[in-house]
1. From the Cα gyration tensor of the chain, with a ≥ b ≥ c the square roots of its eigenvalues, which class applies: rounded if a/c is under 1.5, or else prolate if a/b is larger than b/c, or else oblate?
2. How many nm separate the modelled label positions at S83 and D219, each set 7 Å beyond the Cα in the direction of the Cβ?
3. Within the chain, what percent of beta bridges assigned by DSSP are antiparallel, to the nearest 5?
4. Apply the Karplus curve 6.51 cos²θ - 1.76 cosθ + 1.60, θ = phi - 60°, to the phi angles in the stretch 83-96 and return the couplings in whole Hz, x for Gly and Pro.
5. Karplus couplings for the stretch 176-186 from phi (6.51 cos²θ - 1.76 cosθ + 1.60, θ = phi - 60°), rounded to Hz, Gly and Pro as x?
6. If you plug each phi of the stretch 152-163 into the Karplus form 6.51 cos²θ - 1.76 cosθ + 1.60 with θ = phi - 60°, what whole-Hz ³J(HN,Hα) values come out, in order, with x for Gly and Pro?
7. Scan around V29 for amide H atoms under 5 Å from its own, H built in the peptide plane at 1.01 Å from N, and keep only partners 5 or more places away or cross-chain.
8. Using the C-alpha gyration tensor of the stretch 91-195, what are the square roots of 5 times its eigenvalues, in whole angstrom, with the largest one first?
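What follows draws every value from the coordinates through simple rules; no lab data is involved. No experiment lies behind these values; they were computed from the predicted model shown. Counting neighbours? That spans all protein chains shown, and the Cβs are built from the backbone with ideal geometry, glycine included.
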Amino acid sequence: MITLYYSATPNGQKILLFLYESALAHRIVPVSLSKGEQHMPEFLAISPNNKIPVIVDDAPTDGGAPLPVFESAAILHYLADKSGRFLPADARGRIEVLQWLCWQIAHLGPFAGQLGHFRAHATEKIPYAIERYSRELARLFGVLDRRLSAHEFIVGDYSIADMACYPWIVPYGSLGLELRDYPNLARWFNSIRARPATVRAYEGVSDPYDPEHAPMSKDERKALFGSAMPGR
Ligand SMILES: N[C@@H](CCC(=O)N[C@@H](CS)C(=O)NCC(=O)O)C(=O)O
């Protein structure tokens, strides 16, 4: 059984996409980031960087003690190896998927996340930060669009590279981008959006960068952006 410690954010959604696509037995434990549960000592024991997602596999293939895994790329890689799905077995296909997984973790996720922060959450609007991250995110959308001009999915069949990237394209509108400017990306996005596992994973999930979101309280901001548990 895999236990997923989860919140409905883009990085959490990646793992939900995998679990709903695969037949792996799992349970989901919600973690309230706005209440600061990511800073609790018992959570830090499995996720030292105080972030979701984290999984604990209570039946690892080596037969040893329950195994915690943090960082969404490591989790996707682990689950792909465990299930034998969504990561090619051949060396070339495997490294191609892993390089796009690294690209998502190093570029697409951080730039989209920072742009979302400066557009939706920063108390002060800083044009330089918004312009810098907007330009870079548009460039990254272009990189993916070019890749998808010659490939149905990022690499071969639907893989953990697609599952890692998709949740960071979902909030494109609140990040100030239009999918019509990226036709290959739009085609890929719509095909993943229609998958039953994706539909299920996104039921009731709201856009974290939607400007209509209720403003955060001081305690919520402290939990999320002050790296501290409210009240401490
Ligand atoms: N590189 C990490 C990023 C994880 C991450 O940023 N998680 C956010 C939610 S999307 C989080 O837990 N934030 C809580 C906090 O920073 O206190 C991954 O891919 O797993």
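1. Working: a/c = 1.86, a/b = 1.04, b/c = 1.79.
Oblate.
2. Here the modelled spin labels are 3.7 nm apart.
3. On the way: 8 of 13 bridges.
Antiparallel bridges: around 60 percent, rounded to the nearest 5.
4. Taking θ as phi minus 60°, the curve returns 8, x, 10, 6, 8, x, 7, 6, 4, 5, x, 4, 6, 5 Hz for the stretch 83-96.
5. Couplings: x, 10, 10, 5, 5, 7, 9, x, 6, 5, 4 Hz.
6. 5, 10, 4, 9, x, 7, 3, 9, 5, 5, 5, 5
7. L4, Y5, Y6
8. Working from the Cα gyration tensor, I get semi-axes of 26, 14, 11 Å.
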